[in-house]
C-alpha cells in the first residue's frame, strides 16, 4: 500500500525531472475542448474554494465560536490541532484530510488528500478559503505532493491530445465534489442557516 502511495507522490515530480534530463519528452498540448473545472486562485496559482458570506446581526464572537466548533466536528481521515486560533483577530486555520479512491497501476487504493482551511470572521460576515490540496505520500501531512503538480500539463497525467488521463480526471472530479461539499458545510455551520442557499 505504501509503495503505491510513494508512486503516486512521485508522479508529480517525475515529469519535471524527465523534462530536464530527456529533451525528447513531448509535453501534451492542451486543447480548447478541455477546461480545468477546479477553481484556481489567480494570485497563488492554487486550487482554491473561497467566498465571503454575510451573516447579518451575528457577532464576531458567535461566528468565531461556530467556526471553531466546525473545525472540531469536521470529518477528517486524521485529526490535527488547529494551526491558528486567534479569537481577537477572528482567524482560524486548520488542516483536514479525506480518503479518496484512486486507480493506481490498475489497483484501487484510498489516498489521503490534505487541504488547508482558513476561516476569518468579522461582525455580520465571514470568509473562508479551502486550498493547498495535496496527496499524502504515506507519512502524514508533513510530506505531501501538491495537487497542482498533477493538473499542470505533463506526459504522465495528460494524453498526447492534451486531455487528462482517466486517473487524473477521477481525481479532479473527486476534488471538485469534496471542495464544494466542504464549502457548503462551512457556510451552513458558521452562518447558522439550516439549508444551503443558491451556492
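The values are calculated or read from the model by the stated rules, or taken from the named source; none is laboratory data. Owing to the predicted nature of the structure, the values given are computational and were not obtained by experimental measurement. When we count neighbours, we look across all protein chains shown, and the Cβ atoms used for this are built from the backbone with ideal geometry, even at glycine.
Quick look at the values:
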{"item": "Members of segment 156-174 found to be surrounded by fewer than 16 Cβ atoms within 10 Å (Cβ to Cβ) and more than 21 Å from residue 136 (Cβ to Cβ), listed by number", "result": "159, 160, 161, 162, 163, 166"}
{"item": "Number of the exception - residue 75 against (1) without any contact (Cβ under 8 Å) to a residue 60 or more places away in the chain; (2) surrounded by 15 or more Cβ atoms within 10 Å (Cβ to Cβ); (3) closer than 16 Å to residue 183 by Cβ", "result": "(2)"}
{"item": "Counted residues, segment 58-83 - those being modelled with pLDDT under 95 and part of a loop (DSSP other than H, G, I, E, B)", "result": "10"}
{"item": "Single residue of segment 42-67 satisfying the filter (out of contact with any strand residue (DSSP E or B) (no Cβ under 7 Å at 6 or more places or on another chain) and surrounded by 14 or more Cβ atoms within 10 Å (Cβ to Cβ)) that is farthest from residue 131 (Cα to Cα)", "result": "58"}
{"item": "Residue 189 vs. criteria closer than 30 Å to residue 55 by Cα, modelled with pLDDT of 85 or more, assigned to a strand (DSSP E or B) and over 18 Å from the mean Cα position of the chain (by Cα)", "result": "no"}
{"item": "Conditions (1) under 26 Å from residue 174 (Cβ atoms); (2) crowded, with 18+ Cβ neighbours inside 10 Å; number of the one not met by residue 80", "result": "(2)"}
{"item": "Number of the exception - residue 121 against (1) within 26 Å of residue 59 (Cβ to Cβ); (2) in a strand (DSSP E or B); (3) touching a strand residue (DSSP E or B) at 6+ places or on another chain (Cβ under 7 Å)", "result": "(3)"}
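Residue-by-condition table, conditions (1) in a strand (DSSP E or B); (2) at pLDDT 95 or above; (3) out of contact with any strand residue (DSSP E or B) (no Cβ under 9 Å at 6 or more places or on another chain):
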| position | (1), (2), (3) |
| --- | --- |
| 89 | no, yes, no |
| 92 | yes, yes, no |
| 98 | yes, no, no |
| 102 | yes, no, no |
| 112 | yes, no, no |
| 130 | yes, yes, no |
